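Trainee: Submitted below is the structure of interest, expressed as structure tokens.
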Amino acid sequence: MARTERTILGIDPGLANTGWGIVAQSGPRLSCVAYGCISTSASAPLARRLGKIHEQMAAVIARFEPTCVGIETVWFGVNTQSAFATGQARGAALVACAEGDLDVGEFSPSQIKLAVVGAGSADKDQVQYMVRQLLALEAVPSPDHAADALAAAICYTTHEGFAAAAAAAATQGGAR
């Protein structure tokens, strides 16, 4: 079996704050390369805010050259206006990913929590703790949007593994 060597981008989209994280994978080992947050001002016009997210995400992609990305999907809760704003920020980030020709994995908040903590209903503190542990970091990544982005990158590797195992099982099952 070939050893996986790659760089994964994780994105936690938001109009005010879009977290990003870069995780290097070497076989089963994951390590944090970098993380940060793209912040936009509520007083800036929407088009400028989305442009900034796109431009800065494109710069992250150009600098770290990831091959794939895990991005959180939009959760439509009580505040639909906030969900639409998050969706627009997500779209700006996804355009940068498309321009970088990245393979994209889209995951719900509960899928990310399940992959990182083992429980889809985990709270933010549990996710941050496990991100710190899984990536052997000295401290919890800050701001929390960056920790959530690193969790999305970790989730990419977990879901990819599940998909490969399911495909292998289906192949073996059909060969009998």
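The values are calculated or read from the model by the stated rules, or taken from the named source; none is laboratory data. Since the model is a prediction, treat every value here as computed from it, not as a measurement. All Cβ positions, even for glycine, are placed from backbone atoms using ideal geometry, and neighbour counts span all protein chains on display. Just the protein is used for accessible areas: all its heavy atoms, side chains included, with ligands, DNA and RNA removed. Shrake-Rupley method; radii C 1.70, N 1.55, O 1.52, S 1.80 Å.
Trainee: Got a number for carbon plus sulfur as a percent of region 5-170's accessible area, 1.4 Å probe?
Mentor: In region 5-170, the share of accessible area belonging to carbon and sulfur is 54 percent.
Trainee: Please name whichever of VAL117, PRO141, GLY105 sits farthest to the positive end of the charge dipole of region 5-170, dipole taken about the Cα centre and charges placed at Cβ: Lys and Arg +1, Asp and Glu -1.
Mentor: PRO141
Trainee: Please give, to one decimal in nm, the separation of the simple spin-label points placed at ARG6 and SER110, each 7 Å out from Cα toward the Cβ.
Mentor: 2.7 nm
Trainee: Taking one equal scatterer on every alpha-carbon of the chain, how large is log10 of I(q)/I(0) by Debye at q = 0.17 1/Å?
Mentor: -1.02
Trainee: Place a +1 charge on the Cβ of each Lys and Arg in region 61-125 and a -1 charge on the Cβ of each Asp and Glu, then give the dipole magnitude about the Cα centre in debye, rounded to the nearest 20.
Mentor: The dipole of region 61-125 has a size of about 200 debye.
Trainee: Only residues of region 27-52 count here: report those whose backbone N is under 17 Å from the spot 7 Å along Cα→Cβ of ALA16, or say none.
Mentor: Counting backbone N atoms under 17 Å from the label point, the list is 37-46, 49-50.
Trainee: Also: For SER43 and ALA62, compute 0.36 nm times the residue count separating them, minus their Cα-Cα distance, and round to one decimal in nm.
Mentor: 4.0 nm
Trainee: If exposed chymotrypsin sites (Phe, Trp or Tyr not before Pro) are those in a DSSP loop with at most 15 other Cβ within 10 Å, what is the longest stretch of the chain that has none?
Mentor: The longest uninterrupted stretch comes out as 77-176.
Trainee: Separate question: Protein chains only, probe 1.4 Å: how do VAL127, VAL140 rank by accessible area, largest first?
Mentor: Solvent-accessible surface, decreasing: VAL140, VAL127.
Trainee: In debye, nearest 20: dipole of the chain around its Cα centre with unit charges on the Cβ of K, R (+) and D, E (-)?
Mentor: 60 debye
Trainee: How high is the relative contact order of the chain, in percent, counting Cα pairs under 8 Å that sit 6 or more residues apart?
Mentor: Relative contact order for the chain comes out at 28 percent.
Trainee: In sequence order, what are the phi-derived ³J(HN,Hα) couplings for region 144-149 according to the Karplus relation 6.51 cos²θ - 1.76 cosθ + 1.60 with θ = phi - 60°, rounded to whole Hz, with x for glycine and proline?
Mentor: In residue order, the calculated couplings are 4, 5, 5, 4, 5, 5 Hz.
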